[in-house]
Amino acid sequence: MTSTPVLGLYIYYRLRADLDADIAHASVRAMQTALEQATGIAGRLLQRADDASTWMEIYEGVTEHAAFMHALERETAAHQLADLLASGSVRHLECFMEKR
């Protein structure tokens with residue numbers, strides 16, 4: 001019997017240089033709160049140690065990948081996170097699962 005893989009999602013991006021980091025932080029945290037309410041998965045937010053404009057969101061324990069991705073896209077759009085990105089930057093998504 002094959003079990004559903006448990007995924008970890010890692011999303012990284014660069015913020016606009018002219019953006020107030022506190023406003024960006026509040027926007028991402030509000031999106032993560034809404035996402036957690038919709039999916040039950042709490043996100044973490046990290047900032048690159050040597051580049052304060054590079055952030056990473058981490059979501060672990062994702063078993064319903066399609067449903068989670070739909071909720072993530074919906075909440076990202078609802079909270080206008082694309083407006084936070086540096087010119088030419090995108091939200092890069094990487095998915096990993098445990099090696100067995």
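Some notes on this structure:
- Two-site FRET efficiency, ALA34 against ARG100, from Cβ-Cβ distance with R₀ of 41 Å, rounded to 0.05: 0.80
- Surface composition of the chain: carbon and sulfur make up 53 percent of the accessible area, probe 1.4 Å.
- On Cα atoms only, tilt of 65-78 relative to the major axis of the chain in degrees: 20
- Separation in nanometres of the label points that stand 7 Å from Cα toward Cβ, at MET56 and THR4: 2.6
- For the chain, pairs of C-alpha atoms spaced more than 16 angstrom apart make up 57 percent of the total.
The values are calculated or read from the model by the stated rules, or taken from the named source; none is laboratory data. Quantities reported herein were computed from a predicted structural model and do not represent experimental measurements. Neighbour counts run over all protein chains shown; Cβ positions are idealised from the backbone, glycine included. Only protein heavy atoms, including side chains, enter the accessible area calculation; ligands, DNA and RNA are left aside. Shrake-Rupley method; radii C 1.70, N 1.55, O 1.52, S 1.80 Å.
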